[in-house]
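The structure appears right after this line, and notes come after that.
The values are calculated or read from the model by the stated rules, or taken from the named source; none is laboratory data. All figures in this text were calculated on a predicted structure; none of them were measured in a lab. For neighbour counting, all protein chains shown are included, and Cβ atoms are generated from backbone atoms with ideal geometry for every residue, glycine included.
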């Protein structure tokens, strides 16, 4: 339990998320490693991994929003909506004005319907979309609702026509799809040339360590209270929760991290009917 928690890595370009998992397994000497929120090989930035019992916490980790810095190139469409694949069409985008860009970005902001990229990790009949594309299948992924709370251009340049943007969005939003759809709306095509994730829920780049200097970023105790509101409980209540037992309800809204007098985050709890029940036990009595 002392080694359980989260490792927040600043993923370098060229590595898959699975590559990072393998690296963490070697560094920490354990097979019990998992990751949350896949990053494409071309992308860099915040990647969260669970160690030991932290792997079980990943399923409960609050990461409703994510933030990115990206570069969109206008004037070309590609098979994967980024620069690492074949160009499907190419045309000049020199005539595209900043006002036109802002007008179309406004249409891609807020609550929108977005069609994920064909090379996404979404499963279709049990098989990843990107694997179906690699196998030569022609797939069509239905559009789904996402929220883009911020889509802002902070640098615009010509030759080539590129936009440096900041995006804050709901989990499940594809930035490469925003680049694709922006280019399509402007009539010239578009794709990503750079992508850096700067935040996953409450976890920021400041929490991340480089791949060559990885360390346990947060213990399991710290992770629970970072992601959920804290609720202090008595030693007796903490003992009950550690055994998976329920407490009397107390009018709570949503999930809370129950913290005992010893400072340990014993469990995630939520009111269910007339019970304050455990959602996830961080420190089960069997492992104490």
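Points worth noting:
- Residue check for residue 223: part of a strand (DSSP E or B) and over 21 Å from residue 43 (Cβ atoms): no
- Here the range 73-123 is the region considered, the condition is being modelled with pLDDT of 95 or more and at positive phi, and the residue that is farthest from the chain's Cα centre (by Cα) is 75.
- The one condition in (1) assigned to a strand (DSSP E or B); (2) closer than 30 Å to residue 19 by Cα; (3) out of contact with any helix residue (DSSP H, G or I) (no Cβ under 7 Å at 6 or more places or on another chain) that residue 231 fails to fulfil: (2)
- Checking each residue in the range 204-230 for being over 14 Å from residue 5 (Cα atoms) and surrounded by fewer than 20 Cβ atoms within 10 Å (Cβ to Cβ) picks out 204, 205, 206, 209, 210, 211, 212, 213, 229, 230.
- Selected residue (criterion: modelled with the highest pLDDT) from residues of the range 260-276 that are surrounded by fewer than 20 Cβ atoms within 10 Å (Cβ to Cβ) and in contact with a helix residue (DSSP H, G or I) (Cβ under 9 Å, 6 or more places away or on another chain): 261
- Only one entry of 72, 96 meets the criterion of being part of a strand (DSSP E or B) and not assigned by TED's automatic domain parsing to the domain that holds residue 39, and that entry is 72.
- For residue 76, the conditions (1) closer than 22 Å to residue 199 by Cβ; (2) surrounded by fewer than 22 Cβ atoms within 10 Å (Cβ to Cβ) are fulfilled apart from (1).
- Residue list for the range 246-271, filter: over 30 Å from residue 207 (Cα atoms) and without any contact (Cβ under 8 Å) to a residue 24 or more places away in the chain: 251, 271
- The residue list 29, 45 contains one member that is outside the structural domain of residue 256 (by TED's automatic domain parsing), more than 25 Å from residue 285 (Cβ to Cβ) and either within 17 Å of the chain's Cα centre (by Cα) or touching a residue at least 40 places away in the same chain (Cβ under 8 Å) (or both), which is 45.
- Among the residues here, residue 213 does not qualify as within 29 Å of the chain's Cα centre (by Cα) and at pLDDT 95 or above.
- Count of the range 161-185 residues which are over 11 Å from residue 108 (Cβ atoms) and either in contact with a helix residue (DSSP H, G or I) (Cβ under 7 Å, 6 or more places away or on another chain) or not in a helix (DSSP H, G or I) (or both): 10
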